[in-house]
1. Suppose each label sits 7 Å from its Cα in the direction of the beta carbon; what would the residue 86-residue 4 distance come out to in nanometres?
2. Cut-off is 10 Å between beta-carbons; in what order do 13, 78, 30 appear when sorted fewest neighbours first?
3. Let me check against my output: what whole-number percent is the relative contact order of the chain, with C-alpha pairs under 8 Å and at least 6 apart?
4. How large is the helix-only mean residue ellipticity at 222 nm for the chain, computed as the sum of -39500 (n - 2.57) over DSSP H runs with n ≥ 4, divided by its residue count, in deg cm²/dmol to the nearest 500?
5. Mind checking the full-extension length gain between residue 98 and residue 24? Use 0.36 nm per residue of separation minus the Cα-Cα distance, one decimal, nm.
6. Decide, for the range 1-48, between rounded, prolate and oblate: order the square roots of the alpha carbon gyration tensor eigenvalues as a ≥ b ≥ c, take rounded if a/c falls under 1.5, and otherwise choose prolate if a/b is larger than b/c, else oblate.
7. Per Stokes-Einstein, at 4 °C and 1.567 mPa s, what whole-number D in µm² s⁻¹ belongs to the chain, with the Kirkwood radius over Cα pairs as the hydrodynamic radius?
8. Within 10 Å of each residue's Cβ, count the other Cβ atoms and sort 36, 25 from fewest upward.
């Protein structure tokens, strides 16, 4: 899933160096540094909310797609959507810098 949804911008290694990164207004985040930037603790809820698209005001903008909407359109219910989001979050947690 990461390669299909995240790697085009964040890169296969999650460092923000994907093939589409140079075309974005704002560089993609280095997903391998999230724990380090959060005092050594992986920000699980924040990552899940970002993937879902929560916390984006109706008048704000966002370069990253709101994957939650897409997952709802291709899944057979909320349980499948939550599983997709959790799987992506778990993968990102696993690539954190040591």
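1. So the label points at residue 86 and residue 4 sit 1.9 nm apart.
2. Fewest-to-most ranking of 13, 78, 30: 78, 13, 30.
3. Contact order relative to length: 26 percent.
4. -12500 deg cm²/dmol
5. That works out to 23.8 nm of additional length.
6. It is prolate, given that a/c is not under 1.5 and a/b is the larger ratio.
7. The calculation lands on 93 µm²/s.
8. Ordered from fewest to most neighbouring Cβ atoms within 10 Å, 36, 25 come out as 25, 36.
Throughout, read-outs are computed from the coordinates displayed, never taken from laboratory work. No experiment lies behind these values; they were computed from the predicted model shown. For neighbour counting, all protein chains shown are included, and Cβ atoms are generated from backbone atoms with ideal geometry for every residue, glycine included.
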